[in-house]
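**Student:** Have a look at this one.
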Amino acid sequence: MIKQISHLGIAVKNLEEARKFYRSILGLESADPIIGGDGTIKVSMVEIGNALIELLQPVGSEGVIAKFLEKHGEGFHHICYEVNDINAEVASLKSKGINVLGDPRPGAEGMSIFLHPRGTHGVLIEFVEKKE
């Protein structure tokens, strides 16, 4: 069951410039960057109320964020919903014929999985079971 929106993913070319914008223009602080996505993404979370904005910069020219930026440019990448039990959600989604991309794996906030946008009205959706 979906609990709440966890974060909105925003693909950026330069993480430090994006962090500076959020800090100096919007007055929002961001967490120190971490490397994720099997080493292909640099991530920084911006807290805003009960949700987060996940700033995503590719590391190198490979990986999903690098390919996204090449094709679409900077901007909205995905929405992430927090769930209680990622494995139960995956089983439920598959039983409903939803195209789940791979298996749950560790992400910036916990175990996560993505749903293909072809089955979600064009929006890349992530589910996350947050770490305790």
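**Student:** Tell me the GluC sites (Glu not before Pro) within the stretch 7-97 that lie in a loop according to DSSP and have at most 16 other beta-carbon atoms within 10 Å.
**Tutor:** GLU29, GLU62, GLU74
**Student:** Does the stretch 1-68 classify as rounded, prolate or oblate by the C-alpha gyration tensor (a ≥ b ≥ c root eigenvalues; a/c under 1.5 gives rounded; else a/b over b/c gives prolate, otherwise oblate)?
**Tutor:** Taking the square roots of the gyration eigenvalues as a ≥ b ≥ c, the stretch 1-68 is oblate.
**Student:** In nm, to one decimal, how far is the modelled label at HIS116 from the one at ASP85, with both set 7 Å along Cα→Cβ?
**Tutor:** In this crude label model, HIS116 to ASP85 measures out at 2.7 nm.
**Student:** Give me the number: length gained by fully extending ILE25 to LYS3, i.e. 0.36 nm times residue separation minus the C-alpha to C-alpha distance, one decimal in nm.
**Tutor:** Extra length available between ILE25 and LYS3 comes to 4.9 nm.
**Student:** Helix-only mean residue ellipticity at 222 nm, the chain, DSSP H runs n ≥ 4 weighted -39,500 (n - 2.57), per residue, nearest 500. What is it?
**Tutor:** -6500 deg cm²/dmol
**Student:** Same structure, new question: Quick one: which residues, 5 or more positions from SER6 or on another chain, have an amide H under 5 Å from its amide H? H modelled 1.01 Å from N in the peptide plane, none for Pro or chain starts.
**Tutor:** The list, which skips near neighbours in sequence, is CYS80, TYR81, GLU82.
**Student:** Shifting gears a bit: So what is the relative contact order for the stretch 1-91, in percent, with contacts set as C-alpha pairs under 8 Å and at least six apart?
**Tutor:** Reported as a whole number, the value is 41 percent.
**Student:** Looking at the stretch 8-37, which trypsin sites (Lys or Arg not before Pro) are in a loop (DSSP not H, G, I, E or B) and have at most 16 other Cβ atoms within 10 Å?
**Tutor:** When the trypsin sites (Lys or Arg not before Pro) of the stretch 8-37 are filtered for loop state and at most 16 Cβ neighbours within 10 Å, LYS13 remain.
**Student:** For GLY107, list long-range residues whose amide hydrogen, built 1.01 Å from N in the peptide plane, is under 5 Å from its own amide hydrogen.
**Tutor:** Amide H neighbours of GLY107, under 5 Å, 5+ apart: SER112.
**Student:** Which of PRO58, PRO104, PRO117 moves most in a GNM of the chain, Cα contacts under 10 Å?
**Tutor:** Maximum among the listed residues: PRO117.
**Student:** Determine, for SER92, SER6, the number of other Cβ atoms within 10 Å of each Cβ, and report the residues in order from fewest to most.
**Tutor:** Ranking SER92, SER6 by Cβ neighbours within 10 Å, fewest first, gives SER92, SER6.
**Student:** Take the chain, connect every pair of alpha-carbon atoms lying under 10 Å apart with a spring to form a Gaussian network, then pick out the residue of VAL100, VAL64, VAL43 with the largest mean-square fluctuation.
**Tutor:** Comparing VAL100, VAL64, VAL43 in the GNM, the peak value goes to VAL64.
**Student:** Sticking with this one: Count neighbours as other Cβ atoms within 10 Å of each site's Cβ, and list the trypsin sites (Lys or Arg not before Pro) in the stretch 75-132 that are DSSP loop with at most 16 such neighbours.
**Tutor:** LYS96, LYS131
Quick note: the coordinates plus some simple rules give every number you see, no bench work behind them. Note that the structure is predicted; figures quoted are calculated from it, not measured. Using ideal geometry, Cβ is built from the backbone for each residue, glycine included, and neighbour counts are taken over all protein chains shown.
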